[in-house]
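Notes follow the structure.
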Amino acid sequence: MTFVPLFVDVKGMRVVVFGGGSVGTRRALMFANAGASVVVVADSFTQELEVSARAGKVELVRRRLSPGDPIDDLLRRANLVVVATSDPELNHYVASQALAKGLLVNNATEAGEGNVVVPFSAEPIEGLHLAVTTLGLSGVAARWARDRASRCLAEDRELATLLRVMSKFKAALKASVKDPKARLPLYFKVESDPVFRDLVARGDEEGALRRALEVAGLEEGGQ
């Protein structure tokens with residue numbers, strides 16, 4: 001596998017979406033809502049895109065394209081290109097041109113013709129982000145997997161408690177111990193402590209945090 005799973009901060013990035021249909025709309029608004037500067041190129045657009053453009057969320061470029069047409073002006077300054085037209089030949093052409101320029105390319109219709117895959121995602125517990133993909137084998141299967149995993153994790157109260165406690169512990173530890181190498185073993189020491197684990201299992205967030213600080217040799221609050 002040559003794909004590496006990553007979470008990327010797209011705020012301020014320029015994303016160019018080719019295709020103004022339902023898939024292009026979903027991708028365009030996803031990136032726009034995450035803070036990217038989004039341009040959608042198509043000969044027609046969904047009403048949702050038209051409304052979003054009037055609200056200043058996305059920019060629409062109305063142009064009918066065919067394979068072989070010059071698109072350098074559209075790719076200029078792009079950080080990420082999304083290919084989502086209904087024409088397979090045009091999709092292949094746009095993706096190949098963007099890849100040749102060293103750009104990140106998400107081909108929504110043929111994952112193998114791009115270098116970025118947009119997974120199905122969820123946040124089953126506040127702060128815990130889940131992303132699932134089959135790398136183009138089956139979007140339906142990936143969506144089922146996302147939903148099943150999300151339901152399972154959403155019911156895990158122990159995990160939710162652990163996330164909240166460790167988040168607070170991490171902040172306190174970073175404030176007191178500046179050396180990352182010195183912090184790392186303390187996380188494992190706290191995690192393996194049976195008293196800490198019992199408090200987490202019982203949902204006692206305050207008690208678990210106090211125990212974590214005690215195990216790490218810190219006073220409460222990281223002082």
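Brief remarks on what is shown
- Residue within the stretch 77-90 that is basic (Lys, Arg), touching a residue at least 40 places away in the same chain (Cβ under 8 Å), in a helix (DSSP H, G or I) and out of contact with any Asp or Glu (no Cβ under 8 Å at 6 or more places or on another chain) present: no
- Number of the exception - Leu135 against (1) on the phi < 0 side of the Ramachandran plot; (2) open to solvent by 60 Å² or more (accessible area, probe 1.4 Å); (3) in a loop (DSSP other than H, G, I, E, B): (1)
- Within the stretch 96-116, being touching a residue at least 12 places away in the same chain (Cβ under 8 Å) and assigned to a loop (DSSP other than H, G, I, E, B) holds for Lys101, Leu103, Ala108, Thr109, Glu110, Gly114, Asn115, Val116.
- Residue match in the stretch 56-72 (condition: open to solvent by less than 30 Å² (accessible area, probe 1.4 Å), touching a Pro at 6+ places or on another chain (Cβ under 9 Å) and farther than 30 Å from Ser192 by Cα): no
- When residues of the stretch 14-41 are limited to those that are in a strand (DSSP E or B) and open to solvent by 10 Å² or more (accessible area, probe 1.4 Å), the one nearest to Leu74 (Cα to Cα): Arg14
- Residue ID - nearest to the chain's Cα centre (by Cα), chosen from residues in the stretch 52-68 that are in contact (Cβ under 8 Å) with a residue 12 or more places away in the chain and assigned to a loop (DSSP other than H, G, I, E, B): Lys57
- Of the listed requirements (1) more than 30 Å from Arg63 (Cβ to Cβ); (2) under 20 Å from the mean Cα position of the chain (by Cα), Ala172 misses just one: (2).
The values are calculated or read from the model by the stated rules, or taken from the named source; none is laboratory data. What you see is a predicted model; the values in this text were computed from it and never measured. FYI the Cβ positions are ideal-geometry reconstructions off the backbone, even for glycines, and counts take in every protein chain you see. With ligands, DNA and RNA removed, areas are computed over all heavy atoms of the protein, side chains included. Shrake-Rupley method; radii C 1.70, N 1.55, O 1.52, S 1.80 Å.
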